[in-house]
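Worksheet: one structure, shown below.
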Amino acid sequence: MDDFITVSLALAAGSLRLAIPLMLGALGGLFSERAGIVDVGIEGKMLISAFASAAVAHATNSPWAGLAAGLGAGIVFALIHGVGAIAFRGNQVVSGMALNILAAGLTVTIAAALYSQGGRTPQLPDAARFRGTSFAAADGTSQLDPALRALFELVAGHNILVYLSLVLVPALVWLVHKTRFGLRLRAVGENPEAVDTAGIQVATLRYQASIISGLLCGLAGTYIAIAQSASFVPNMTAGKGYLALAALIFGKWRIWPTFFACLLFAFADAAQSRLQGLNIPGIGAIPVQFIQALPYVLTLVLLAGLVGRAIPPKASGVPYVKER
Amino acid sequence: MTEPALELIGIDKHFGSNHANKSVSFRVQRGEVLGLIGENGAGKSTVMNMVFGYLKADHGQILVHGHEVDIKVPADAIAHGIGMVHQHFKLVDTFSVLENIILGSEGAFQLADRLALARGELAELSKAFGLNVDLDALVSGLSVGDKQKVEILKALYRKADILILDEPTAVLTPDETRHLFDILRQWRDQGRTVILITHKLKEVLAVTDRVIVMRRGAVVADLDTAHCTAEGLAEHMVGRPVILQVSKSVAVPGGDVVTLEHLSVNDSDGIPRVRDVSLSLRAGEITGLAGVSGNGQSELIEAIAGLMPISHGTIRFRGQDLGLGGSAESVRKRREMGIAHVPEDRLVRGLIAELSARDNAILGRQNDPSFNNRNFLRPSAILNHCRSLMASFDVRPSRPMQAGGHFSGGNQQKIVLGREMENAPAFLIVGQPTRGVDIGAIEFIHKRIVALRDQGAAILLVSAELDEILMLSDRVIVMSQGAIMGDIPASQADERQIGLWMAGDHKVAA
C-alpha cells in the first residue's frame, strides 16, 4: 500500500515536470493563435531557445543568463514568424514550419562548430542549471519515509521554473480575460476589422502577441535544456512543440483546458516510462516501442475522437488586409 | 456663420491605376443629415473611409469644426468625434454587446471597474436614443437590426459628433429602417451631424437635408433635398436621364406553366423552410414573391430550380411531375426542359469570379453541342457566343477574357441574365435581379425581364426590394415563415397590407 502511494506521488511529480514545457509551449501558441496567427512553429521556437540557453549558460556559468538567452532566442524566432505573417502576409503554416526546420538545422550546425561534440553542448555543471531540491542525502539514502519523501518532492522538490510556470497560468488567465490587452487580443483573432475600426493598430497588437508567444516558448526551451537536462542535445524537443499544439487544440484555445490537456499528455508520458518492461500475464513483456508510442496514440485518439468540434479563432491564419 | 462640422478640400485617392477619388471637396454643417449618393464604384465609401482614417488620402485636407486635422488611423478620427457604421458590421461575434462597445475605449488596463461604469453610461444612451439592446447578449445571436444598434451605440459611446453610415438600410426591414431614421433625426436635432451613404433615392428624399452626388470619383452635384426629385438625382448619378418607372403593358396571362401542389421543403438540418405552398405560375405573367429575407423565398426557388430536394408535394412543369430534385442531374434536366434560373447571389451561384466572362457565359450549357464536339470545347464558338451576348445585353467592358469577378455588379448580372434568357426559356426564376447593381443597369435589366414576359414566359421574381416587386410584377405573393400569406394582383396591391403580410399577419383581405 505504501508502495502504491509512493509510486503515485512520484508519477504525479514526473507528470508535472513533463507537463511544464508542454504547457508553456501551448500557452505560447495560444497567445499567437488568439491574436490570429497560426503557430505551428512552437517546436522551432522551443528548440532554438533550448540551444541558446544551454550555450549561454555554459559560457557564463549562470542559469539566469541562460534563461535570458533562451527568452531572447524565442522572441527573435517569434518575430521572424511575426514579420512573415503580419508585414508580408505570408502563409503562416509555411512560415511556422520554416521555423521548425531552421531551428533543427541551425542548432546542430552551430553546436557542432562551437563545441565539436556531435551537435551537443558541453555538459553543464550544477551551478549553471536550474535544479530542484532533493530530499535524499548525498549517498542517495534518506531517513524519511519513502512516501513522505515522494510527497515532499512533489510539493517542494521542483526547480524554480516549475513554480514560475505554475504561477504564470492564473496570471495569464487574468491577462487574457480581465484586461484591456486581453480583450483586444481576443478581438483581433476573431475580427481584426473590428479592432482596426475601434482605433487599435492590428499589426502592433499582433506583434505584441507574437512576442509573448516567443517568451513562453523560450521559457519552455530553456526549461528543457537547462532545468530538465544539463546540455543541449540535437532535436531535444522531440515533437513536444507539436504535442503542445495538439494540447492547444484539445483545450479549444482556452487556458485552463489547455493546461489540463498538457497534464494529461504529460501523465501518459510519465506513465509510459514506468510501464516499460511491464509483464502482462498471458501476453508477456510488451515491446518497449509500443509503450513509448502510448502518449502519441492518446493524442491521436483524443484529437480525432473526443475533442468534439474545436473552433479556432475565426481570423486565425488569415493575413489582415483592409477592405477597400 | 458657424464653421462647418466637416469640410473636405481636394481629397484625391488612387488604388493602383484606378482613380477612386478626384479632388473631392464638400462641406457638412452641424445639425444636418447629408446624403452621399452615387452608383457602385462612384467613390463615396472610399472618401468616407478616408475621413474615418481607415484609408489614407493621397492628397487633400480634412477640416473638422474649422480646424485642419491629420487623420492617419481610425483612432485619430475617433478622437475628433467621427464615428462610422460600416456596411459590413465590424463586430466580434464571440463577444458580448458590452465588450464590443468598449473595445478600443476601455479606459484602464483592468476591465472590471470600467465595465460597470460603461454599463451605466450605455443604459442612459440607449434610453435616450431608443436603442434597446441587451448588453450581455452575444453578438452572434443578434438580428442584423440589433447589430446595427450596437454599431451606433459604439459611436455614441465614443462621443461621436459626426456619424457616418455606409448603406445602413441594405439589411433592414422597412420597419427597422423607419426606426433607424428616427434615430438619425434625433441625432441631427441635437446639433450633431449625420452623413448617410446610400444608393436608395427614396431614403435620401425621406431623411436627408442636403445631398452630394458623386460619379466616377468626383462630386457632380450638391443639392438641397427639398428641391430634389428621384428622377433628378438619378440623372445626376448616372449622367443621363433615367426612367425609374418601368413602362409595361398589361399582362396577358396564358396557361399554367409551373404548378406547385402542397409543396414543403426542409433544409439539410431537417428544419421546415417552405410549408405547404400551392401555387400556379402562368405564361406571360411576372409573379413577384415578397417577404422579409429568410422566410422561405430562397428555399422555394431553389426547390423549383432542382437545387434543393422537396420533402412533400409536387412540382409540375407543363403538367409533368419534376420529382424530388436536389441533385445535379435534376438541375441539368430542368434546365434542358426550359427552366432558367438567375440565382440570388450571383457570386456564389451565378458566376465563378475567377473564370473569364467567356466561360461564365456557357456555365451550365457546356454540354450544348454548339459549344462542345463530344470531347472538346469549341473555343471559337464559345468566344463568339460571348461576344454576341455582351452586345445584346450591353455588357461593359465587352472583353470576353476578363475575369467574371472584375466586372461591376451590374455587368456581372447582365452576363448571368443574358446566359439564362438567351434561349427564350418557358420559365425564368430571377432572384434579387438588381442587388448591388447600378441604377443605369437596373433600368436595362427591368426592361429585359418585361420583354421576356411579353414573349410569353412565366417569370417568378424574388426581391428584397419591395419597390422593385411592386413595379415589375403583375401579381404579388407574400411569404412569411415559409407559408404564403397573401396573393394579390399588383394593380390592387397596397404597401401597408403587404407589410402586414410580410410580418406574418394571416388575415387575408377578402
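The values are calculated or read from the model by the stated rules, or taken from the named source; none is laboratory data. Computed from a prediction, not measured in an experiment: that's the story for all the values here. As a convention, Cβ positions derive from the backbone with ideal geometry for all residues, glycine included, and neighbour counts pool all protein chains shown.
On the given criteria, is B:H67 closer than 28 Å to B:L36 by Cβ, touching an Asp or Glu at 6+ places or on another chain (Cβ under 6 Å) and either buried (at least 20 other Cβ atoms within 10 Å of the Cβ) or more than 7 Å from every other protein chain (Cβ to nearest Cβ) (or both)? Before you say what the answer is, go through the steps one by one.
On the way: closer than 28 Å to B:L36 by Cβ: yes; touching an Asp or Glu at 6+ places or on another chain (Cβ under 6 Å): no; either buried (at least 20 other Cβ atoms within 10 Å of the Cβ) or more than 7 Å from every other protein chain (Cβ to nearest Cβ) (or both): yes.
No, not satisfied.
Filter the helices (runs of 4 or more DSSP H) completely within the range B:373-456 down to those with at least 3 residues that are in contact with a strand residue (DSSP E or B) (Cβ under 8 Å, 6 or more places away or on another chain).
Answer list for the range B:373-456: B:409-421, B:439-454.
Is it the case that some residue within the range B:142-156 is over 19 Å from the mean Cα position of the chain (by Cα), modelled with pLDDT under 90 and surrounded by fewer than 14 Cβ atoms within 10 Å (Cβ to Cβ)?
No, that holds for no residue.
Can you name every residue in the range B:350-364 that is assigned to a helix (DSSP H, G or I) and over 14 Å from B:R387 (Cβ atoms)?
Correct list: B:G350 only.
Can you work out which of the residues in the range A:85-139 that are outside any helix (DSSP H, G or I) and polar (S, T, N, Q) is farthest from A:G221 (Cα to Cα)?
Here the answer is A:N91.
What's the number of the only condition in (1) within 14 Å of chain A (Cβ to nearest Cβ); (2) assigned to a strand (DSSP E or B) that B:E7 fails to meet?
Looking at each condition in turn, B:E7 falls short on (1).
For the range B:97-113: of the residues being in contact with a Lys or Arg (Cβ under 8 Å, 6 or more places away or on another chain) and assigned to a helix (DSSP H, G or I), which is farthest from A:E190 (Cα to Cα)?
B:A112
What number of residues within the range B:104-114 are touching a residue at least 12 places away in the same chain (Cβ under 8 Å) and crowded, with 20+ Cβ neighbours inside 10 Å? I'd like the intermediate steps shown before the answer.
Of the residues in the range B:104-114, the ones touching a residue at least 12 places away in the same chain (Cβ under 8 Å) are B:104-105, B:114.
Next, only the ones that are crowded, with 20+ Cβ neighbours inside 10 Å stay: B:104.
Here the count works out to 1.
Does the range A:78-109 hold any residues that are exposed (fewer than 15 other Cβ atoms within 10 Å of the Cβ), closer than 21 Å to A:A238 by Cβ and touching a helix residue (DSSP H, G or I) at 6+ places or on another chain (Cβ under 8 Å), and which are they?
A:I101
Residue by residue, here is whether (1) more than 21 Å from B:T2 (Cβ to Cβ); (2) surrounded by fewer than 18 Cβ atoms within 10 Å (Cβ to Cβ) holds:
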{"site": "B:Q186", "(1), (2)": "no, yes"}
{"site": "B:T193", "(1), (2)": "no, no"}
{"site": "B:L196", "(1), (2)": "yes, no"}
{"site": "B:T208", "(1), (2)": "no, no"}
{"site": "B:M214", "(1), (2)": "yes, no"}
{"site": "B:D224", "(1), (2)": "no, yes"}
{"site": "B:C228", "(1), (2)": "yes, no"}
{"site": "B:L233", "(1), (2)": "yes, no"}
{"site": "B:P241", "(1), (2)": "yes, yes"}
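From (1) modelled with pLDDT of 95 or more; (2) surrounded by 19 or more Cβ atoms within 10 Å (Cβ to Cβ); (3) of a type in the set (A, V, I, L, M, F, W, C), pick out the condition that doesn't hold for A:W256.
(2)
I'd like the full set of residues that are in contact with a Pro (Cβ under 9 Å, 6 or more places away or on another chain), on the phi < 0 side of the Ramachandran plot and not charged (D, E, K, R), limited to the range A:19-36.
A:A35
How about the range A:228-253: which of its residues are within 28 Å of A:R34 (Cα to Cα), surrounded by 19 or more Cβ atoms within 10 Å (Cβ to Cβ) and among the small types (G, A, S)?
Residues satisfying the conditions are A:G241, A:A244, A:A246, A:A247, A:G251.
Go through the range A:15-43 and report how many residues are closer than 26 Å to A:G132 by Cβ and in contact with a Lys or Arg (Cβ under 8 Å, 6 or more places away or on another chain).
The total comes to 5.
Are any residues in the range B:155-182 hydrophobic (A, V, I, L, M, F, W, C), more than 23 Å from B:L500 (Cα to Cα) and outside any strand (DSSP E or B), and if so, which ones? Even if it seems obvious, please write down each step before you answer.
Initially, the range B:155-182 is screened for residues hydrophobic (A, V, I, L, M, F, W, C), giving B:155-156, B:160, B:162-165, B:170-172, B:180-181.
Subset that is more than 23 Å from B:L500 (Cα to Cα): B:155-156, B:160, B:162-165.
Matches in the range B:155-182: B:A155, B:L156, B:A160.
Taking only the range A:267-324 into account, find how many residues are among the aromatic types (F, W, Y), in a loop (DSSP other than H, G, I, E, B) and within 19 Å of A:V7 (Cβ to Cβ).
0
If I ask for residues that are under 17 Å from B:Q432 (Cβ atoms), free of Cβ contacts under 8 Å to residues at least 60 places away in the same chain and in a loop (DSSP other than H, G, I, E, B), which ones from the range B:284-307 would you list?
Within the range B:284-307, B:G294, B:L307 qualify.
When you scan the range A:148-156, do you find a residue that is modelled with pLDDT of 95 or more, over 30 Å from B:L55 (Cα atoms), hydrophobic (A, V, I, L, M, F, W, C) and out of contact with any strand residue (DSSP E or B) (no Cβ under 9 Å at 6 or more places or on another chain), even just one?
Looking for residues that are modelled with pLDDT of 95 or more, over 30 Å from B:L55 (Cα atoms), hydrophobic (A, V, I, L, M, F, W, C) and out of contact with any strand residue (DSSP E or B) (no Cβ under 9 Å at 6 or more places or on another chain), one finds none in the range A:148-156, hence no.
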